[in-house]
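First up is the structure itself, then whatever we jot down about it.
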Amino acid sequence: MADQGFTSVPGVGASQREPKEKPGPLEYLRRWPLRVIVGATLVFLYLPLITLMVFSFNTSRRNVVWQGFTTDWYVKAFNNESLLQAFVNSLTIAFFCTIISVVLGALAAVMLWRFRFPGKTVIEGGMALPIVVPEICMGVAMLVFFARVMPWPMGMPWPLNLGAITIAHISFAFPFVATVVRARLASFNRELEEAAKDLGASEWRTFWDVLVPHMQPGLIAGALLAFTLSLDDFVITFFTAGPDTITFPVKVYSMLRFSVTPEVNAASTILIVVTVILTAVGLQMQNNNEAKDKKA
């Protein structure tokens, strides 16, 4: 009988047998309980979304009864002018929110990472508030702010009429960017800056050519996070939107107040697909940058 924990090799004595390789605790392909847990988690996360997308092709207006396949609801959704305008508003707000949040978040991350100054702890705590405060509280705060402190002018041309919502989105999005970028800066070797300055590089040149390339993966991740948070936000937008500044999530909510129809499912599916595509593009850009860094 072969010794427990060893494999038999023909022509080799018991003292020369090699020990059997045991799977590690996180070896996915060799531990079936881990595969079951991962599979159940994926089903729990994505089955509701898949169900929504499937029923967006249902011929029946009753969303819980499947009767056949059709794309009429997508045609109806694309012909809905108010829905398309809301979608364009959401993309515009998310675009400006992402650009400004990345700039502010990157500068805030560099400031908190590099400098020591009085009140630094207070500033760090203040930047964390939009992350930990419930969204309903942020929405009410923004409503009071734009109603009493800084009323946003009504009747302005597009896209200036989206200014209040854009400012509200930036206020809760850029702390996420700052957190991600600061985590990236923790692995930066400051001797690279000193070497660049010794070679005659100015402060701005050192920042742009040495620090920013190291921050780039964090900037991309922060931009994806800010864009997704802005595009999908409902609560804060609901409190700051006006009658002529409806966004896509608010429009879908107004459609849901009557009934959950395949048209609502089609509109939601469009938003999901757009978010997934943009996220995939951003992750691919990040992977390409990491591959270039490894080759360099």
Go through THR121, THR166, THR179 for me and flag whichever is polar (S, T, N, Q), surrounded by fewer than 17 Cβ atoms within 10 Å (Cβ to Cβ) and in a helix (DSSP H, G or I).
THR121
Every residue from the range 140-160 that is of a type outside the set (A, V, I, L, M, F, W, C) and farther than 22 Å from VAL102 by Cα:
ARG148, PRO151, PRO153, GLY155, PRO157
Filtering the range 141-192 down to residues that are among the β-branched types (Val, Ile, Thr), modelled with pLDDT of 80 or more and within 22 Å of THR237 (Cα to Cα) yields VAL144, ILE165, THR166, ILE167, ILE170, VAL177
Expected output for the range 50-61 (first residue over 17 Å from VAL276 (Cα atoms), partner modelled with pLDDT of 80 or more and crowded, with 16+ Cβ neighbours inside 10 Å, Cβ below 7 Å, 6+ apart or cross-chain) is PHE55/ASN265; SER56/TRP73; SER56/ASN265; SER56/ALA266; SER56/THR269
Would you confirm whether any residue within the range 137-149 is farther than 28 Å from THR245 by Cα and exposed (fewer than 12 other Cβ atoms within 10 Å of the Cβ)?
no
Apart from one, (1) in a loop (DSSP other than H, G, I, E, B); (2) modelled with pLDDT of 80 or more; (3) surrounded by 13 or more Cβ atoms within 10 Å (Cβ to Cβ) all hold for ALA201; the odd one out is (2)
With the requirement that a residue be touching a helix residue (DSSP H, G or I) at 6+ places or on another chain (Cβ under 7 Å) and either basic (Lys, Arg) or under 21 Å from VAL102 (Cβ atoms) (or both), what does the range 184-208 give you?
ARG184, LEU185, PHE188, LYS197, THR206
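Residue by residue, here is whether (1) at pLDDT 80 or above; (2) surrounded by 14 or more Cβ atoms within 10 Å (Cβ to Cβ); (3) of a type in the set (S, T, N, Q) holds:
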| position | (1), (2), (3) |
| --- | --- |
| ALA266 | yes, yes, no |
| VAL276 | yes, no, no |
| LEU283 | no, no, no |
| ASN287 | no, no, yes |
| LYS294 | no, no, no |
Tally the residues that are closer than 21 Å to PHE248 by Cβ and surrounded by 13 or more Cβ atoms within 10 Å (Cβ to Cβ), restricting the search to the range 31-53.
3
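The values are calculated or read from the model by the stated rules, or taken from the named source; none is laboratory data. Predicted, not measured: the structure shown is a model, and the values here were computed from it. So basically every Cβ, Gly included, is an ideal-geometry build from the backbone, and we count neighbours across all protein chains shown.
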